[in-house]
Amino acid sequence: MKNRILNSRSTTREQLRRRQGSRSIRERVLIVCEGAKTERLYLEAVVAHLRLTSADVVVAADCPSAPRHVVEHAKKLVVQEGPPSQGGYDFVYCVFDRDTHHSYNSARDQIIALNKSRKFFAKSIEAIYSIPCFEYWFLLHFVYKRSPLVDSNGNSCGEVAVRELMKINTFENYRKSICPAHIAALIENIDRAKSNSIRASRDAVRTGEANPSTNMHILITKLESIAPPKKP
């Protein structure tokens, strides 16, 4: 029995050593999003496009759709995995919309507190927001738009953003879910989306008007930075 215990401990240490060695090149990232389908499918497609694996990036969406729940779920997953030195997550990104969520500001306050906490294992946790909704980020793959997206004619600001996206070729039948054709078009134009997102964020700061804007470019840039080199 004693030999079995020693062998088990030896195996665990060896597995950890190998895991740490393999991760010395790339950092491990956790992404938690509120969208059970749209956001998750898009982000998984980006991860696959960059030739990253589940050992590098985990996309989690199994939590209620509200910013504070996204942050709470991220915290839970980080605690479960432990510190980066033991194979846990190096960086955490919480993806959520402003839309009409009442917990948007409190979620951002939670993230600030976690970054200050010595008990939070990850090196950092960051809010990745879209105002008013994730569809605005999709829209930036094709056009630059900064005119406010607000409630209109009985439609919420999020629904107005969806209507704008539906004006784009291939997205005419979009209904808060994406298909392979949508994903292909989005991936093809991801560099344009990053440029438009940076431009919109800077203009939001300059004008003091955040609607519409997103900082999704931060997450995409991070994923690109840990991706393996492109094949010649």
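The values are calculated or read from the model by the stated rules, or taken from the named source; none is laboratory data. This one's a predicted model, so the numbers in the text were calculated from it and none came from an experiment. Note that each Cβ is placed from the backbone with ideal geometry, even for glycine, and that neighbours are counted across all protein chains shown. SASA here: full protein model, heavy atoms, side chains in, ligands and nucleic acids out. Shrake-Rupley method; radii C 1.70, N 1.55, O 1.52, S 1.80 Å.
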Only one of Ala55, Ala113 is open to solvent by 50 Å² or more (accessible area, probe 1.4 Å), on the phi < 0 side of the Ramachandran plot, of a type in the set (A, V, I, L, M) and not in a helix (DSSP H, G or I), namely Ala55
Worksheet entry | Selection status of Arg146, over 22 Å from Cys33 (Cβ atoms) and part of a helix (DSSP H, G or I) | no
Per the filter on the stretch 191-220, residues open to solvent by 40 Å² or more (accessible area, probe 1.4 Å) and either out of contact with any helix residue (DSSP H, G or I) (no Cβ under 7 Å at 6 or more places or on another chain) or modelled with pLDDT under 95 (or both) are Asp191, Arg192, Ser195, Arg199, Arg202, Val205, Arg206, Thr207, Gly208, Glu209, Ile218
_Regarding the stretch 161-169, can at least one residue be identified that is touching a residue at least 24 places away in the same chain (Cβ under 8 Å), among the basic types (Lys, Arg) and surrounded by fewer than 19 Cβ atoms within 10 Å (Cβ to Cβ)?_
no
Test: residue in the stretch 137-157 that is under 30 Å from Lys76 (Cβ atoms), in contact with a helix residue (DSSP H, G or I) (Cβ under 9 Å, 6 or more places away or on another chain) and at pLDDT 95 or above | yes
By residue number, the members of the stretch 115-140 that are within 15 Å of Glu39 (Cα to Cα) and either within 12 Å of the chain's Cα centre (by Cα) or among the β-branched types (Val, Ile, Thr) (or both) are Ala127, Ile128, Tyr129, Ser130, Ile131, Phe134, Trp137
Inset, instruction - Test Asn189 against the stated conditions and say whether it is in contact with a strand residue (DSSP E or B) (Cβ under 7 Å, 6 or more places away or on another chain), in contact (Cβ under 8 Å) with a residue 40 or more places away in the chain and among the polar types (S, T, N, Q). - result: no
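Considering only residues of the stretch 95-105 that are of a type in the set (S, T, N, Q) and surrounded by fewer than 13 Cβ atoms within 10 Å (Cβ to Cβ), which is nearest to Leu41 (Cα to Cα)?
If we take residues in the stretch 95-105 being of a type in the set (S, T, N, Q) and surrounded by fewer than 13 Cβ atoms within 10 Å (Cβ to Cβ), then Thr100 is nearest to Leu41 (Cα to Cα).
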When restricted to Phe138, Phe142, the only residue over 19 Å from Arg40 (Cβ atoms) and surrounded by 13 or more Cβ atoms within 10 Å (Cβ to Cβ) is Phe142
Requested in this report: Look at Lys123 and say whether it is within 21 Å of Ile31 (Cβ to Cβ) and among the basic types (Lys, Arg).
Outcome: yes
Residue pairs qualifying under the 6 Å Cβ cut-off, at least six apart or on distinct chains, with the first in the stretch 74-94 being under 9 Å from Leu30 (Cβ atoms) and open to solvent by 20 Å² or more (accessible area, probe 1.4 Å) and the second being assigned to a strand (DSSP E or B) and not hydrophobic (A, V, I, L, M, F, W, C), are Phe91/Ser124
Within the stretch 73-91, the residues that are out of contact with any Phe, Trp or Tyr (no Cβ under 8 Å at 6 or more places or on another chain) and not in a helix (DSSP H, G or I) are Gly87, Asp90, Phe91
